[in-house]
Amino acid sequence: GLPAMAAAPRKIPFGAAVRGGALTADAAYGAALAERCRLLVPEGGLKWAVLRPNRETFDFGEADQIAAFARRNGLGLRGHTLAWYGAMPAWAEAITSRVEAEWMLTSHIETVVSRYRGFIGSWDVVNEPMPDKPASPQDLRHFVWSKTLGADYIPIAFKAAHAADPAAQLVLNEYDVEFVGQRFAMRRAGILAIARSLLDRGIPIHAIGLQGHLFADRAIDRDGLQSFLREIKAMKLDVLVTELDVIDFGLPTDFATRDALIAKKATDFLQAVDEVTPPSAVLTWGITDRYTWVPIYFTRPDGTANRPLPLDSDLRPKPLMSVIERFTGNA
Ligand code: G3I
């Protein structure tokens, strides 16, 4: 008889965070991104601190540069991020009234989202709303928008993003939702509560972003993660992996051993997600160990460089790259 027809391999878009400065200075880096990725996301170029050097003006230099690179290479672009406690300009500390805060937040979102309307297809509207150790699922991180607007800053941001680009996918993005421990369970509960409250109020939210900053030596709570994902699926929300990398702080020095453990951790995570709901995209937080945030916080005690990303610092693919290629169907 005829051989069984092989199922068409699925294609999940793969992408990576990108630094504008490095794109300018390092042609091989740009070539690696163009070769490996279908999606990009600026690692910093769309953050408040970069876009808003002062309260009157916008500086779209880096974001426009990355958007032009994406266009030239036929790549899609995600936006990161509209409301986040990190990378806020110092001048924003002077925002203390509710009226001013609501105006600043909505007008910022209107300006930024409409500039890339039709090109940035997906936005991390609210990033990292949960405190590191929430006391309850209702607990929110304290920063300018929650201090002035309370929990309302979240629906305000989602509404403003939707108004500025009704076709964009709006994402609630969070880290530390996959590990074993009470504080991670509390963070998962908090994210579900935020999503549910938006949906109950008829406010558009389309997906949950799992950042996926994994630790090679930290256990993933498979059951906890999967029941979290089942709740997300029951709400008819998509799931994206938005910032995958594997922190190798405590791993052995030997590269082959280290890279294998990193690949294994990413495999365990991606499989756990996939069994419940295949992600609509997978992005790593950088493409090469040459440019990664990890050493800022997790410099290795043995003095060797961190290896958290799919390509090594010479842009050679490591086992993590193969894991992602197989997983996304781009092998
Ligand atoms: O560009 C300047 C450089 O000119 C200067 O010499 C140097 C000195 O410190 O700083 C450089 O800027 C740094 C920038 O990264 C360069 O990439 C900033 O200080 C530093 O704060 C900034 O850190 C970024 C961090 O977010 C804060 O915005 C990391 O690159 C970026 O990877 C990290 O990304 C976050 C996501 O947005 C949210 N999820 C977690 C993730 C990792 O922490």
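Only one residue in 242, 277, 284, 299 is at pLDDT 95 or above and more than 16 Å from the ligand (Cβ to nearest atom). Which one?
Only one candidate passes the filter, namely 277.
Filter segment 44-59 for residues that are in contact (Cβ under 8 Å) with a residue 12 or more places away in the chain and more than 16 Å from the ligand (Cβ to nearest atom) and give the result. Step through it out loud before you land on a result.
To start, the set of residues in segment 44-59 that are in contact (Cβ under 8 Å) with a residue 12 or more places away in the chain comprises 44-55, 58.
Those that are in contact (Cβ under 8 Å) with a residue 12 or more places away in the chain and more than 16 Å from the ligand (Cβ to nearest atom): 54, 55, 58.
Can you work out which of the residues in segment 191-235 that are within 16 Å of the ligand (Cβ to nearest atom) and closer than 21 Å to residue 146 by Cα is surrounded by the fewest Cβ atoms within 10 Å (Cβ to Cβ)?
Among residues in segment 191-235 that are within 16 Å of the ligand (Cβ to nearest atom) and closer than 21 Å to residue 146 by Cα, the one surrounded by the fewest Cβ atoms within 10 Å (Cβ to Cβ) is 191.
Given the conditions (1) over 26 Å from residue 30 (Cα atoms); (2) more than 16 Å from the ligand (Cβ to nearest atom), and given that residue 312 satisfies all but one, which numbered condition is not satisfied?
All conditions pass for residue 312, except number (1).
So which of 93, 100, 110 ends up being surrounded by 14 or more Cβ atoms within 10 Å (Cβ to Cβ) and of a type in the set (D, E, K, R)?
110
Determine whether segment 36-43 contains at least one residue that is within 13 Å of the ligand (Cβ to nearest atom), among the hydrophobic types (A, V, I, L, M, F, W, C) and either closer than 21 Å to residue 110 by Cβ or touching a residue at least 24 places away in the same chain (Cβ under 8 Å) (or both).
Yes, segment 36-43 contains a residue that is within 13 Å of the ligand (Cβ to nearest atom), among the hydrophobic types (A, V, I, L, M, F, W, C) and either closer than 21 Å to residue 110 by Cβ or touching a residue at least 24 places away in the same chain (Cβ under 8 Å) (or both).
Could you grab me the full set of residues in segment 60-93 that are small (Gly, Ala, Ser), closer than 18 Å to residue 21 by Cβ and more than 12 Å from the ligand (Cβ to nearest atom)?
61, 63, 67, 68, 70
For segment 283-304, what are the residues that are over 16 Å from the mean Cα position of the chain (by Cα) and more than 20 Å from residue 28 (Cα to Cα)?
295, 296, 297, 298, 299, 300, 301, 302, 303, 304
Residues are listed down the side, and each one gets a yes or a no for (1) within 21 Å of the chain's Cα centre (by Cα); (2) under 22 Å from residue 78 (Cα atoms):
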| site | (1), (2) |
| --- | --- |
| 123 | yes, yes |
| 128 | yes, yes |
| 134 | yes, no |
| 150 | no, no |
| 174 | yes, yes |
| 179 | yes, no |
| 189 | yes, no |
| 198 | yes, yes |
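Looking only at segment 15-28, which residues are within 13 Å of the ligand (Cβ to nearest atom) and buried (at least 16 other Cβ atoms within 10 Å of the Cβ)?
Correct list: 16, 17, 18, 19, 20, 22, 23.
Could you pull out the residue among 140, 149, 170 that is in a helix (DSSP H, G or I) and not charged (D, E, K, R)?
Residue meeting the stated conditions: 149.
Do we find a residue being of a type outside the set (A, V, I, L, M, F, W, C) and within 16 Å of the ligand (Cβ to nearest atom) anywhere in segment 266-274?
no
Please work out if residue 322 is over 18 Å from residue 40 (Cβ atoms), more than 18 Å from the chain's Cα centre (by Cα), more than 16 Å from the ligand (Cβ to nearest atom) and exposed (fewer than 15 other Cβ atoms within 10 Å of the Cβ). Explain how you work it out, then say what you get.
Values: over 18 Å from residue 40 (Cβ atoms): yes; more than 18 Å from the chain's Cα centre (by Cα): yes; more than 16 Å from the ligand (Cβ to nearest atom): yes; exposed (fewer than 15 other Cβ atoms within 10 Å of the Cβ): yes.
Yes, satisfied.
For segment 137-148, check the following and say yes or no: at least one residue is touching a residue at least 24 places away in the same chain (Cβ under 8 Å) and within 14 Å of the ligand (Cβ to nearest atom).
Yes, some residue in segment 137-148 is touching a residue at least 24 places away in the same chain (Cβ under 8 Å) and within 14 Å of the ligand (Cβ to nearest atom).
The values are calculated or read from the model by the stated rules, or taken from the named source; none is laboratory data. Computed from a prediction, not measured in an experiment: that's the story for all the values here. Every residue, glycine as well, gets a Cβ built from its backbone with ideal geometry; the counts of neighbours run over all protein chains shown.
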